[in-house]
Amino acid sequence: MSLIPIDDIDRELIRTLQADGRTSFTELARVVGLSDAACRQRVMRLLEDGVIDIVAVTDPVKLGLGYQAMLGITTTEDSRKVAIDVGALSDAVYVVMATGRFDLLVEVVSRDSDAFLEISNAIRTMDGVSSVEVMSYLGITKQTYDWGVG
């Protein structure tokens, strides 16, 4: 993966969009001192290059997904294969290959404890999974999406 060069104007556009992804090109232009067209072109380039995604971030609990947990998974074979298999499960919303105590860290968001039990059992019985440690969320005190622009 190669780095995409971005300048200070790109960083300011990203910072502004991280605060409010619905910011208009007119407002972005005012913030960075460029024309609407130039801002649109820059934002489109950032999107096309995969530097940014503009999405709606939801609160899972308010959507009826009341059970959240982080799973620490130890594998017995290639972690990349297990990560792909786990990532195919709809309740697995974040899959990270890691070093240290666990080979994979997986965030799971489920409807309830019964749905969570189903997915955790599915993961525990997957080929290549040695162990799964469950860390249930009691609450989230910080969640940000504003990294990478200084």
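Given the criterion surrounded by 15 or more Cβ atoms within 10 Å (Cβ to Cβ) and not aliphatic (A, V, I, L, M), identify the matching residue among 110, 90. Give the derivation first.
On the way: 90 fails: surrounded by 15 or more Cβ atoms within 10 Å (Cβ to Cβ).
Every option except 110 fails the conditions.
The strands (runs of 3 or more DSSP E) located wholly in the stretch 67-150 that include 2 or more residues which are more than 30 Å from residue 20 (Cα to Cα) and of a type outside the set (S, T, N, Q) occupy 67-75, 129-136.
Summed over the stretch 79-98, residues that are over 17 Å from the mean Cα position of the chain (by Cα) and modelled with pLDDT under 95 total 0.
The values are calculated or read from the model by the stated rules, or taken from the named source; none is laboratory data. Keep in mind it's a predicted model, so treat the numbers as computed, not measured. Every residue, glycine as well, gets a Cβ built from its backbone with ideal geometry; the counts of neighbours run over all protein chains shown.
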